[in-house]
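The values are calculated or read from the model by the stated rules, or taken from the named source; none is laboratory data. Note that the structure is predicted; figures quoted are calculated from it, not measured. Here the Cβ is made from the backbone with ideal geometry for all residues, glycine too, and neighbour counts use every protein chain on show.
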Amino acid sequence: MLKGANTGTPATMRKVSWSVARLYRWMLLAPALFLAAFFVFPIIRVVLRSFSDPAWGLQNYERIMAGGPYLQVLLATIQTAATVTALCLLLAYPVAYVMSRLSGSLLQIAAACVIIPLWTSAVIRSYAWMVVFQRKGILNEALIGAGVLDDAIRFLPGSFAVHVGMVHIMLPFMILPLLANMRAIDRSLLRAAEIMGANPLVAFAKVYFPLSMPGVSAGVALVFMMSLGFFITPALLGGPQHLMAAVLIEQQANVILDWGLASSLATVLLVVTGAMYVVYMRLTGNATGNLKGAL
Amino acid sequence: MAEHGSGLVLDGVTKRYSSVTALQPISIEIAPGEFFSLIGPSGSGKSTLLGAIAGFIPPSAGRILIDGRDIVDIPPYRRNIGMVFQNYALFPHLTVFENVAFALRLRKLSKAEVTEKTQRMLDVIRLSGMGERRISELSGGQQQRVALARAAVYDPRILLMDEPLGALDKNLREEMQYEIKAFHNKIAATIIYVTHDQEEAAAMSDRIAIMKDGEIVQHGKPRELYEHPRNIFVASFLGDANIFKIHDAKPDARHMKLDIGEGLSLSAPGDVASASRHYVCVRPESIAVGAPGAFNGAAGQNVLPGIIADVVYTAGTIRCRVKLADEAVVTARLPFQRNAAFFATGDQVDVRWALTDTLLIPEET
């Protein structure tokens with residue numbers, strides 16, 4: 001009887017929890033339908049259009065690969081995204097490190113400084129950078145006033161302004177994953193390294209930095225993928241001098257009205273971003289895969 | 001491996017935070033190769049003292065001497081001390097082998113030497129086949145052993161252990177006590193062991209220091225502390241104790257008569273003067289329980305009537321509480337006897353203990 005009672009309880013519990021889980025699954029239906037109608041379907045349309053406008057075939061892709069300005073813009077986009085990601089990592093790592101050691105109200109203030117800019121639209125923040133970078137803007141005035149420059153530099157539109165603006169907007173997306181990761185790193189591991197003979201620098205290099213890698217890879221993936229398709233800041237600060245893929249696509253679609261080429265450029269960008277994501281999943285997946293593989 | 005560890009001398013080591021004194025001046029000498037335990041309730045300063053020896057907590061005053069050299073100004077990474085942390089602090093991104101080899105690699109040993117020493121240490125902790133495993137794949141006991149090996153592989157002068165068994169369940173904890181003891185014999189290091197478990201400390205240590213409020217209240221061999229506690233705190237912290245307040249003491253033939261309140265009186269050796277500001281302490285294992293009248297005529301004994309309050313069978317012993325009066329309850333611990341009937345709650349009994357087991361212990365000062 002006791003045995004029966006023992007086996008009975010978990011079985012019913014499992015049944016209940018399973019049926020609850022099945023119920024919960026139906027709650028995904030509405031968002032799935034929404035995504036299918038307004039995201040998946042248009043994307044399929046775009047991909048199809050890249051092969052069918054103006055006629056069926058690969059002519060749009062041939063135009064991109066022909067080596068003209070289109071391929072150049074795509075490569076420049078990848079390069080810009082990579083540079084912005086690297087700069088974000090360099091700036092964010094020390095910030096996240098210091099923040100991870102704060103507590104109480106100091107931490108809240110620091111977190112607010114990181115998060116509040118996210119509440120302001122990227123359009124407004126990009127316009128703010130235009131004010132800074134204008135010919136008679138704050139930066140030029142200050143540099144001339146300090147005697148560093150004789151004549152104003154033309155920052156706008158240009159590559160420098162795009163990089164500064166993008167780094168500024170992407171920074172929180174690098175800091176937050178790093179911070180989440182660093183706060184979970186056990187400080188006693190550093191003490192352990194120190195007592196075994198590692199000076200603070202060596203302890204950082206051999207223990208802290210490797211343990212912060214999950215945060216680094218999450219931040220890098222997030223910022224890099226967001227930067228690849230970033231539109232508003234390059235559009236406002238870059239102009240034709242620093243054309244990025246999203247801006248080029250918008251021009252093809254809305255100004256030149258070459259929807260076929262715009263679709264194929266969008267498809268290439270989508271494939272590149274998807275490929276980056278696959279690489280990221282492979283890298284981080286391997287990190288946990290090793291744990292099982294070592295058995 | 002080292003012949004023996006280093007001697008450690010604490011000379012007036014003090015730690016003050018702005019308003020709190022975490023460590024009163026502490027002075028003690030620990031001999032090379034000694035297994036020395038620091039015990040005490042949480043907040044008594046034992047971990048602070050360990051942190052000061054390791055170098056993580058700079059003392060406000062005092063000297064810490066290893067082999068006669070003051071190390072207070074030397075950073076942790078140049079002290080050549082080993083430490084086992086409460087949560088083990090094993091590196092999750094490294095394998096078992098890499099964890100144990102960590103300190104050796106920092107010491108720039110040749111690859112062959114690193115492999116040889118690490119492998120030998122893995123043999124000692126019986127994990128030779130598991131060098132390539134990740135830490136997360138090990139059981140709690142195995143992690144504990146890796147932590148030991150990692151802290152001892154570089155022959156540190158002193159091995160500090162901060163509640164290393166706190167996270168293990170009871171059976172494993174007892175097994176690991178033997179392991180650590182055997183390990184201590186094998187590596188012959190000086191070990192300073194922090195625990196809040198007095199049984200653990202008594203089972204493993206050459207000497208124990210009992211801490212309270214940032215001070216060492218008493219130190220000595222486990223048996224010394226148990227038999228001659230310096231005050232009521234030590235008596236009750238180390239093992240169980242029945243403690244009675246003395247209300248009045250009168251001379252009585254060769255002994256004295258102690259009034260412990262509620263109309264109860266005891267005999268104890270000694271003179272009346274020694275009873276002032278003292279308590280009576282009787283260890284549970286000194287007490288016998290019998291039917292009423294069973295102890296009549298026994299000389300040199302305290303015999304008191306009472307009622308069984310409860311009886312608990314634990315592995316190998318019977319622990320029973322006997323109510324002598326409203327407030328006065330004594331706990332007796334008796335060996336368990338197979339098939340022998342024992343009293344039940346509510347039974348009238350007599351309790352008895354020898355006058356020589358009636359200890360007079362000063363109150364805390």
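Restricting the search to the stretch B:92-125, which residues are aliphatic (A, V, I, L, M), in a helix (DSSP H, G or I) and free of Cβ contacts under 8 Å to residues at least 12 places away in the same chain? Talk me through it step by step, then tell me what you get.
We begin by selecting, within the stretch B:92-125, every residue aliphatic (A, V, I, L, M); these are B:94, B:96, B:100-101, B:103-104, B:106, B:109, B:112, B:114, B:121-122, B:124-125.
Imposing the further condition that a residue be in a helix (DSSP H, G or I) reduces the set to B:96, B:100-101, B:103-104, B:106, B:112, B:114, B:121-122, B:124.
Residues satisfying the conditions are B:Leu106, B:Ala112.
Kindly indicate whether B:Arg223 is assigned by TED's automatic domain parsing to the domain that holds B:Asp162, among the basic types (Lys, Arg) and in contact (Cβ under 8 Å) with a residue 24 or more places away in the chain. Judged against the criteria, B:Arg223 is not a match.
If you go through the stretch B:148-175 and keep only what is over 14 Å from B:Phe97 (Cβ atoms) and within 9 Å of chain A (Cβ to nearest Cβ), you end up with B:Ala151, B:Tyr154, B:Pro156, B:Leu160. The sole residue among B:Val84, B:Val96, B:Val13 that is under 25 Å from the mean Cα position of the chain (by Cα) and within 23 Å of A:Pro210 (Cα to Cα) is B:Val84.
Would you confirm, using the coordinates I've provided, whether B:Asn302 is assigned by TED's automatic domain parsing to the domain that holds B:Lys250, among the polar types (S, T, N, Q), over 29 Å from the mean Cα position of the chain (by Cα) and loosely packed, with under 14 Cβ neighbours inside 10 Å?
Working: assigned by TED's automatic domain parsing to the domain that holds B:Lys250: yes; among the polar types (S, T, N, Q): yes; over 29 Å from the mean Cα position of the chain (by Cα): yes; loosely packed, with under 14 Cβ neighbours inside 10 Å: no.
No, not satisfied.
Filter the stretch B:68-119 down to residues that are facing another protein chain (nearest Cβ under 7 Å) and of a type in the set (Phe, Trp, Tyr), then give me how many there are. Final tally of qualifying residues: 4.
Do the conditions hold for A:Val167, that is, is it more than 14 Å from chain B (Cβ to nearest Cβ) and aliphatic (A, V, I, L, M)?
Answer is yes for this residue.
Here A:Ser217 fulfils each of the conditions (1) more than 10 Å from chain B (Cβ to nearest Cβ); (2) modelled with pLDDT of 95 or more apart from (2).
One residue stands out among those in the stretch A:236-255 that are touching a residue at least 60 places away in the same chain (Cβ under 8 Å) and more than 14 Å from A:Ala76 (Cβ to Cβ): the one that is surrounded by the fewest Cβ atoms within 10 Å (Cβ to Cβ), which is A:Leu236. Looking at the structure I just gave you, is B:Gly5 touching a Leu at 6+ places or on another chain (Cβ under 9 Å), of a type outside the set (Val, Ile, Thr), assigned to a loop (DSSP other than H, G, I, E, B) and away from chain A (no Cβ under 14 Å)? Considered against the rule, which asks whether it is touching a Leu at 6+ places or on another chain (Cβ under 9 Å), of a type outside the set (Val, Ile, Thr), assigned to a loop (DSSP other than H, G, I, E, B) and away from chain A (no Cβ under 14 Å), B:Gly5 comes out as yes.
Sort out which residues of the stretch A:116-155 are of a type in the set (S, T, N, Q) and part of a loop (DSSP other than H, G, I, E, B), and write them in order of number. Walk me through how you get there before you give the answer.
First, the residues of the stretch A:116-155 that are of a type in the set (S, T, N, Q): A:120-121, A:126, A:134, A:140.
Across the stretch A:116-155, the qualifying residues are A:Thr120, A:Ser121, A:Gln134.
Taking the stated definitions as given, is B:Ile53 closer than 26 Å to B:Gln143 by Cβ, buried (at least 19 other Cβ atoms within 10 Å of the Cβ) and in the same structural domain as B:Gln143 (by TED's automatic domain parsing)? Walk me through how you get there before you give the answer.
Working: closer than 26 Å to B:Gln143 by Cβ: yes; buried (at least 19 other Cβ atoms within 10 Å of the Cβ): yes; in the same structural domain as B:Gln143 (by TED's automatic domain parsing): yes.
Spelling it out, B:Ile53 is indeed closer than 26 Å to B:Gln143 by Cβ, buried (at least 19 other Cβ atoms within 10 Å of the Cβ) and in the same structural domain as B:Gln143 (by TED's automatic domain parsing).
Go through the residues of the stretch B:24-43 one by one and say whether even a single one is closer than 25 Å to B:Ala182 by Cβ, surrounded by fewer than 22 Cβ atoms within 10 Å (Cβ to Cβ) and within 14 Å of another protein chain (Cβ to nearest Cβ). No: zero hits.
Looking at B:Val153, B:Val217, just one residue is closer than 24 Å to B:Thr14 by Cα and among the aliphatic types (A, V, I, L, M), and that residue is B:Val217. You will find that of B:Pro76, B:Pro58, B:Pro92, the residue that is surrounded by fewer than 18 Cβ atoms within 10 Å (Cβ to Cβ) and under 30 Å from B:Ser136 (Cα atoms) is B:Pro92 and no other. Under the condition of being basic (Lys, Arg), in a strand (DSSP E or B) and farther than 18 Å from B:Glu262 by Cβ, the residues counted in the stretch B:309-365 number 3.
When the stretch B:318-348 is limited to residues that are surrounded by 14 or more Cβ atoms within 10 Å (Cβ to Cβ) and among the β-branched types (Val, Ile, Thr), the one that is nearest to B:Arg254 (Cα to Cα) turns out to be B:Val330.
Among the residues of the stretch A:99-112, is any among the charged types (D, E, K, R), within 25 Å of A:Pro234 (Cβ to Cβ) and part of a helix (DSSP H, G or I)? The answer is no; no qualifying residue exists.
Checked against the criterion of being more than 28 Å from B:Ala235 (Cα to Cα) and touching a Phe, Trp or Tyr at 6+ places or on another chain (Cβ under 9 Å), the stretch B:58-72 contains one or more residues that satisfy it. Filtering B:Ala273, B:Ala182 for residues that are without any contact (Cβ under 8 Å) to a residue 24 or more places away in the chain, among the hydrophobic types (A, V, I, L, M, F, W, C) and assigned by TED's automatic domain parsing to the domain that holds B:Asp326 leaves a single hit, B:Ala273.
With respect to A:Val202, is the statement that it is surrounded by fewer than 22 Cβ atoms within 10 Å (Cβ to Cβ) and either within 13 Å of chain B (Cβ to nearest Cβ) or on the phi > 0 side of the Ramachandran plot (or both) true? Steps first, answer last, please.
Details: surrounded by fewer than 22 Cβ atoms within 10 Å (Cβ to Cβ): yes; either within 13 Å of chain B (Cβ to nearest Cβ) or on the phi > 0 side of the Ramachandran plot (or both): yes.
It is true that A:Val202 is surrounded by fewer than 22 Cβ atoms within 10 Å (Cβ to Cβ) and either within 13 Å of chain B (Cβ to nearest Cβ) or on the phi > 0 side of the Ramachandran plot (or both).
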